[in-house]
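Only the coordinates and a few stated rules stand behind these numbers; no lab work does. Everything numeric here is computed off the predicted structure, so don't read it as measured data. Heads up, the Cβs are rebuilt from the backbone with ideal geometry, glycines too, and the neighbour counts pull from every protein chain shown.
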Amino acid sequence: MYKILSEEGRAKRARMDTVHGVIQTPVFMNVGTAAAIKGAVSTMDLQQIKTQVELSNTYHLHVRPGDEVVKKMGGLHKFMVWDKPILTDSGGFQVFSLAGLRRIKEEGVYFNSHIDGKKIFMGPEESMQIQSNLASTIAMAFDECPSSVADRSYVQASVDRTARWLQRCKDKMTWLNRQKDTINRHQLLFGINQGAIYPDIRIEHAKRIREMDLDGYAVGGLAVGESHEEMYHILDEVVPYLPKDKPVYLMGVGTPANILEGVERGVDFFDCVYPSRNGRHGHVYTNQGKLNLFNAKFELDARPIEEGCQCPACQHYSRAYIRHLLKAKEMLGMRLCVLHNLYFYNTMMEEIRDALDEGRFASYKRNKLEGFREIQP
């Protein structure tokens with residue numbers, strides 16, 4: 001299912017076979033929270049811009065339109081017309097971000113919907129059932145994401161509970177994949193390492209969950225307020241304790257520089273809202289740095305966002321035209337920026353894979369980071 005093809009230091013290049021096709025890693029997953037990429041980007045667009053994996057959110061799809069609705073429609077792949085892999089996150093991060101609206105118990109979490117205030121309960125079994133109804137390729141275990149500044153005693157208790165929840169997730173997933181009415185009976189399960197910025201807690205948790213022989217392992221609870229240096233330190237400490245022969249997923253990360261640093265530390269999977277969110281605000285990525293297309297200096301700029309880029313925006317439109325669309329609040333401007341940014345990320349991952357195949361990732365990373373510094377964000 002997961003095979004390492006080449007290595008350079010801790011960085012690894014691999015392929016992962018799934019029921020919905022092959023995932024070439026390292027990979028950036030394009031975030032479609034509610035089964036759509038924000039910015040009027042269709043799944044046909046995703047095919048065109050080299051997307052390998054689409055990521056959707058368990059909590060958001062549970063509250064709207066309802067996971068039972070998605071199941072009745074044949075699962076998320078049929079519902080959104082996407083035939084490649086989909087990863088669904090467990091809803092844990094969203095639930096725990098509703099700090100004023102939830103109560104954590106051993107059985108799970110009681111909380112109120114952010115949409116209509118309706119009372120909802122979600123625990124490990126419920127999260128697995130919802131994700132089974134969605135029929136994603138990869139399901140994430142239900143966990144608590146403690147604050148990076150939480151005190152040590154709270155983090156330890158939270159991590160212990162997350163470990164107990166993981167066993168319940170695995171048991172429920174095993175049961176669901178045996179049921180005749182389950183749409184995807186080959187659904188995979190990734191566990192999540194937590195522990196805030198306490199390396200020893202994270203290492204002990206990694207040792208505990210690696211014994212469970214899961215399909216993959218994620219590092220969660222980073223990029224939530226700690227410094228980049230703290231995040232890299234945690235990866236240096238923890239990734240060596242996760243199974244090398246399984247994919248490693250760094251959740252919610254990040255900038256192009258974050259991704260390069262993560263790959264160097266052995267990470268396979270990434271996701272982040274940055275490319276789509278920044279695109280919706282006219283901020284676009286190039287190999288020389290990030291541009292703000294609202295700036296007046298682009299008013300008469302006939303160049304594409306980036307010379308040589310083959311994305312749908314750069315093949316046809318100028319910076320000046322896209323700036324006009326953004327200023328006029330035309331949706332097309334936002335859409336073109338999002339398409340460019342996602343294409344930029346997906347292409348960078350392709351370049352990373354090629355560099356690892358050819359044993360030149362270190363020089364690729366160095367040159368890429370130097371290029372990004374040419375334009376200040």
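For LYS290, a cut-off of 20 angstrom between C-alpha atoms picks up these aspartates and glutamates, skipping any fewer than 8 places away in its own chain: GLU261, ASP271, GLU299, ASP301, GLU306, GLU307, GLU350, GLU351, GLU370, GLU374.
Please give the FRET efficiency for TRP175 paired with TYR232, using the beta carbon to beta carbon distance and R0 = 41 Å, rounded to the nearest 0.05. It comes out at approximately 0.60. For LYS72 and HIS114, the FRET efficiency from 1/(1 + (r/R0)^6), where r spans their Cβ atoms and R0 equals 30 Å, is about 0.80.
Could you tell me the center-to-center distance, by alpha carbons, between segment 46-110 and segment 22-36 in angstrom? When both Cα centres are located, 13 Å separates them. Pair-distance distribution of segment 22-150: all C-alpha pairs, bin width 10 Å, starting at 0; shares per bin in whole percent are 13, 42, 32, 12, 1. Here the simple spin-label model places points 7 Å from the Cα toward Cβ, and for GLN47 and GLU358 these points are separated by 3.0 nm.
Charged side chains reduced to their Cβ positions (Lys and Arg at +1, Asp and Glu at -1) give segment 70-151 a dipole of some 420 debye around its Cα centre.
Close amide H pairs (under 5 Å, H built 1.01 Å from N) link LEU5 with ARG13, ALA14, ARG15, residues at least 5 positions away or on another chain. Checking the Cα-Cα distances for LYS50/LYS329; LYS71/LYS329; LYS12/LYS105; LYS3/LYS170 against a 29 Å cut-off, the pairs over it are LYS71/LYS329; LYS12/LYS105.
Based on the alpha-carbon gyration tensor of segment 283-325 and its eigenvalue square roots a ≥ b ≥ c, which shape applies: rounded if a/c is under 1.5, prolate if not and a/b is larger than b/c, or oblate? The shape class here is oblate.
The long axis of helix 228-238 is offset from the longest Cα principal axis of the chain by roughly 40 degrees. Taking 0.36 nm per residue of separation and subtracting the current Cα-Cα distance, fully stretching the chain between GLU7 and SER147 would add 47.1 nm. Taking 7 Å steps out from each Cα toward its Cβ at ASN367 and LYS105 produces label points 5.9 nm apart. Once the mean of 1/r is taken over each pair of separate Cα atoms and inverted, segment 9-91 shows a Kirkwood hydrodynamic radius of 13.6 Å. Build a GNM of the chain with springs between Cα atoms under 10 Å apart, and of TYR198, TYR285, TYR249 the one that fluctuates most is TYR198.
For the chain, what is Rg from Cα atoms divided by 2.2 N^0.38 Å, rounded to two decimals?
Dividing the Cα Rg of the chain by 2.2 N^0.38 Å gives 0.98.
Each part reduced to its alpha carbon centroid, segment 178-253 and segment 317-377 end up 28 Å apart. Placing a label point 7 Å from the Cα of MET212 along the Cα-to-Cβ direction, the residues of segment 128-159 with a backbone N closer than 17 Å are 128-132, 138-146, 156-159. Using only Cα coordinates, the Kirkwood hydrodynamic radius of segment 123-164 works out to 11.7 Å.
Taking Cα centre as origin and charging only the Cβ of basic (Lys, Arg, +1) and acidic (Asp, Glu, -1) residues, the dipole magnitude of the chain rounds to 820 debye. As an equivalent ellipsoid, segment 281-372 spans semi-axes of 28, 13, 10 angstrom, where each value is the square root of five times an eigenvalue of the C-alpha gyration tensor, largest first.
In the chain, the longest principal axis of the Cα atoms and the axis of helix 124-134 are about 50 degrees apart. Along the axis of the charge dipole computed for segment 2-272 (Cβ charges of +1 for Lys and Arg, -1 for Asp and Glu, origin at the Cα centre), the listed residues VAL263, PRO26, MET80 are led at the positive end by MET80. Using DSSP loop states and a limit of at most 10 other Cβ atoms within 10 Å to flag trypsin sites (Lys or Arg not before Pro), what is the longest stretch of the chain containing no flagged site? In the chain, the maximal stretch lacking such sites is 181-328.
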